[in-house]
Amino acid sequence: MQVYLPIAEMSVDALLLLGIGFGVGWLSGLFGVGGGFLMTPLLILTGIPSPIAVASGACQTLGASVSGLMSHWRRGNVDARMGLTLLAGGFIGSALGVQLFALLRRLGQVDLAVAFFYIVVLGSVGALMVRESLGAILNRKRDGQVRLHEHFWMHGLPLKVRYRKSRLYISIIPPMLVGFGIGILSAVMGVGGGFMLVPAMIYLLGMPTAVVIGTSLFQVVFVSANVTLLQSIQTGSVDVVLVVLLLAGGVSGAQFGAAMGAKLRGEETRFLLGLLVLAVAGLLLWGLVQTPSQPFVTEPAP
Amino acid sequence: MRRAILLALLLSAPLPALTKLALAQPALVAELAETTVEITTGFTGASILVFGTTARPISATPATAPGDEILIVATGPVQPMVVRRKIRVLGFWLNGPSATFPNVPGYYAIVGTRAPWEMLAEPDRLERRLGLDTLPLRARGGQASPAFRAALLDLKQQEGLWAEQVAPVAVSGGQLFNARLPLPATVATGEYAVQVLLVRQSRVVARQELIFNVQRVGTAASINALARQQPALYGLLCIAIAAFAGWLGSVVFRRG
């Protein structure tokens, strides 16, 4: 069944989009991530132009994360003060990121930049995850020493604030920088950034795991909303029909994935997710290295 | 008084024009089956039917069987296009030098009872711009290599937006002709001009110009218009719709 995307100005198979939505939703439910990092590259692979894929991917991430945020909020797993600090950085980062994206579009380098960001970010995150989870699986028998909250240079920074839910008394600078970085990635890659935010919150900020997911969802929802708004104003490339189709498949897939994910062990889940992330990075790298079938590309002049 | 003016007007009407209208059958009459192509949410491309009749018999092989020939050209709205060449840097393929073509017809299709270069003398064909090779594609600045122009021609044809003699004009009963011009799903909106030419002994003897419109209708049209005219409102609506869809999905599927 073909459907015409009014912003992309092309017609695509609706069932294919529902299928992609379902598959990514299933994986995101399984691994507890937003899935934007899979969605955007898959859309590009199906022939959706990169600007549309990135901008609509951000909007889709928002929809996919809303219900998660609501349930975590109800259970009190959101550190709102920490979330707002991250968000302050996130808003600045995403605003700059959208400007960067518009600039890249004028230069004709969106495809390259998106692929490059994906390869670097997914490659490093995937490698770290695989290494860490392999270590955890191998050390399972040994009595794993729980790493305590250590103090280093970061804790000497000014502007300290007490984050009660996170049981932290730290400067607002590191969370704002983390939020800023994720904001840029969110705008350029069309992802929520949960897969980077969660490790950053645990290892960098030292937040307790219980509030990490809820707080990261808080940041993801609001930053992707900001990206959606800015992208539609700046580049006009958010396709609402595409978003709705992806979400329709995604929300159903996520429920199945979540049910299955409950049966897997943490380290194994992280190991599989790491492999998946590496595979996506590898695929995109191949796309850049491989000799193109067409030596020329055309697009409407801006 | 009024009557006198009316009479004077009638008498002053050019007599030859009146007699021509009454007596001579026009050499060519052409029409379009539809004058609007609507892009709906289910749009997957369309085709436009051009049909008509001639006073004298049509022949696809005037060399053996004498007769008139038909040539149909359709052009879409002009838009500027950028062509980029992919270059290899450190093993990676990226977009390298580019050329901007300010006047590129978004759509161009030409069909005839024979190929246009067989029908008309070369200078005439070039002047009337009949054939993809005659399109006035000049890059801005004029420095670009001819490879960019060739690439543009190539890619537009692959997209199905430019077509040359895809299927010859069909003739039935010697004087009735029709042709279908394919419009792919990626056609731009706007006004399209269709020119029907009657060729006799390598000369254009009659010509008729027809117009059709490609326009978005229904949901697709309102979404596109809103996104262009009120981008901030559209962005907010996208946020609301995505959030609502996410929430609704979790409610529906939690029970299931």
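The values are calculated or read from the model by the stated rules, or taken from the named source; none is laboratory data. On a predicted model such as this, the values are computed, not experimentally measured, just so you know. Note that we place each Cβ from the backbone using ideal geometry, even for glycine, and neighbour counts take in every protein chain shown.
Could you go through the stretch A:57-64 and let me know if any residue there is part of a helix (DSSP H, G or I), more than 13 Å from every other protein chain (Cβ to nearest Cβ) and of a type outside the set (Lys, Arg). No, the stretch A:57-64 contains no residue that is part of a helix (DSSP H, G or I), more than 13 Å from every other protein chain (Cβ to nearest Cβ) and of a type outside the set (Lys, Arg). Return yes or no: is residue B:103 assigned by TED's automatic domain parsing to the domain that holds residue B:51 and touching a Pro at 6+ places or on another chain (Cβ under 8 Å)? Spelling it out, residue B:103 is indeed assigned by TED's automatic domain parsing to the domain that holds residue B:51 and touching a Pro at 6+ places or on another chain (Cβ under 8 Å). For residue A:81, indicate whether it is more than 28 Å from residue A:12 (Cβ to Cβ) and either modelled with pLDDT of 85 or more or not small (Gly, Ala, Ser) (or both). Criteria met by residue A:81. What is the residue count in the stretch B:106-131 for residues that are surrounded by 22 or more Cβ atoms within 10 Å (Cβ to Cβ) and within 14 Å of another protein chain (Cβ to nearest Cβ)? Of the residues in that region, 1 qualify. Residues that are outside any helix (DSSP H, G or I) and touching a Phe, Trp or Tyr at 6+ places or on another chain (Cβ under 9 Å) were ranked within the stretch A:265-294; the one that is nearest to the other protein chains (Cβ to nearest Cβ) is A:292. Taking the conditions (1) touching a strand residue (DSSP E or B) at 6+ places or on another chain (Cβ under 7 Å); (2) among the polar types (S, T, N, Q); (3) closer than 30 Å to residue B:53 by Cβ in turn, residue B:189 satisfies each one other than (3).
Table: residues versus (1) modelled with pLDDT under 90; (2) surrounded by 15 or more Cβ atoms within 10 Å (Cβ to Cβ); (3) assigned to a strand (DSSP E or B); (4) on the phi < 0 side of the Ramachandran plot.
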| site | (1), (2), (3), (4) |
| --- | --- |
| B:30 | no, yes, yes, yes |
| B:37 | no, yes, yes, yes |
| B:50 | no, yes, yes, yes |
| B:53 | no, yes, yes, yes |
| B:63 | yes, no, no, yes |
| B:69 | no, yes, yes, yes |
| B:73 | no, yes, yes, yes |
| B:84 | yes, yes, yes, yes |
| B:93 | yes, yes, yes, yes |
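Taken over the stretch B:192-214, the criterion of being assigned to a strand (DSSP E or B) and surrounded by fewer than 13 Cβ atoms within 10 Å (Cβ to Cβ) is satisfied by B:203, B:209, B:211. Residues in the stretch B:163-184 that are surrounded by fewer than 18 Cβ atoms within 10 Å (Cβ to Cβ), hydrophobic (A, V, I, L, M, F, W, C) and within 30 Å of residue B:216 (Cβ to Cβ): B:166, B:167. Contact map, the stretch A:263-289: residues that are touching a residue at least 60 places away in the same chain (Cβ under 8 Å) paired with residues that are of a type in the set (Lys, Arg) and not in a helix (DSSP H, G or I), Cβ distance under 7 Å, separation 6+ or inter-chain. No pairs are found.
Name the single residue that is farthest from the other protein chains (Cβ to nearest Cβ) among those in the stretch A:203-250 being touching a helix residue (DSSP H, G or I) at 6+ places or on another chain (Cβ under 8 Å) and of a type in the set (Phe, Trp, Tyr). For the stretch A:203-250, the residue satisfying everything is A:218.
If you go through the stretch B:217-236, how many residues are within 7 Å of chain A (Cβ to nearest Cβ) and either touching a residue at least 40 places away in the same chain (Cβ under 8 Å) or buried (at least 17 other Cβ atoms within 10 Å of the Cβ) (or both)? Of the residues in the stretch B:217-236, 7 are within 7 Å of chain A (Cβ to nearest Cβ) and either touching a residue at least 40 places away in the same chain (Cβ under 8 Å) or buried (at least 17 other Cβ atoms within 10 Å of the Cβ) (or both).
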